[in-house]
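What follows is a set of notes on a single structure, which appears directly below.
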Amino acid sequence: MQRNKALLAGAGFLCAGLLYGYVLIPLGLQVPCLFRQVTGLRCPGCGITGLCLELLHGRFVPAYNWGLVLAAPWIPGLLWLQRRYPKAAGISAWILAALLLAWGILRNLWGI
């Protein structure tokens, strides 16, 4: 039962993402980054929409956000750790968060 709910939620997110990427963005209806609008700086997640759209079109262009591209393999590892070693998963998640925060600061300093 729990697995069916997770699969249904995943399918819903996938459909919402495809609708957003293939219908709303071409119509000019994009969700803006509130952090960037307020500060003028890029947040650690800025560029993920462009990266996902490029992947949907079969193009791998990591220039949108190198930090997220390099952090992506860490996510399945966190999920695996959570099931076997919850304390290690928590520490690893904090390390990932710190690295993404550092990435967000460095990309603004270097203008990436």
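The values are calculated or read from the model by the stated rules, or taken from the named source; none is laboratory data. This structure is a prediction, so every number in the text was calculated from the model and none was measured. Neighbour counts are summed over all protein chains in view; Cβ atoms, including those assigned to glycine, are modelled from backbone coordinates with ideal geometry. To get the accessible areas, we keep the full protein, side chains included, count just its heavy atoms, and leave off ligands, DNA and RNA. Shrake-Rupley method; radii C 1.70, N 1.55, O 1.52, S 1.80 Å.
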Run the dipole for the chain about the Cα centre, Lys and Arg Cβ at +1, Asp and Glu Cβ at -1, nothing else charged, and hand back the magnitude in debye, nearest 20. 340 debye
So which DSSP H runs in the chain come out at 20 Å plus along the axis (Cα) with average Kyte-Doolittle of at least 1.0? 86-110
Are there trypsin sites (Lys or Arg not before Pro) in segment 10-110 that DSSP puts in a loop and that have at most 13 other Cβ atoms within 10 Å, and which ones? R59
Over what distance in Å are the Cα centres of segment 31-63 and segment 84-112 separated? 17 Å
How large a share of the accessible area of the chain, in percent, is made up of carbon and sulfur atoms when the probe is 1.4 Å and the other protein chains stay in place? 73 percent
Using a 1.4 angstrom probe, figure out how much accessible area the chain has per residue, in square angstrom, rounded to the nearest whole. 75 Å²
Candidates (1) 2, 12, 22, 22, 21, 12, 5, 3, 1, 0; (2) 2, 10, 14, 17, 20, 19, 12, 5, 1, 0; (3) 2, 12, 18, 18, 14, 11, 9, 7, 5, 3, 1, 1, 0, 0; which is the computed P(r) over Cα pairs in 5 Å bins from 0, in percent? (2)
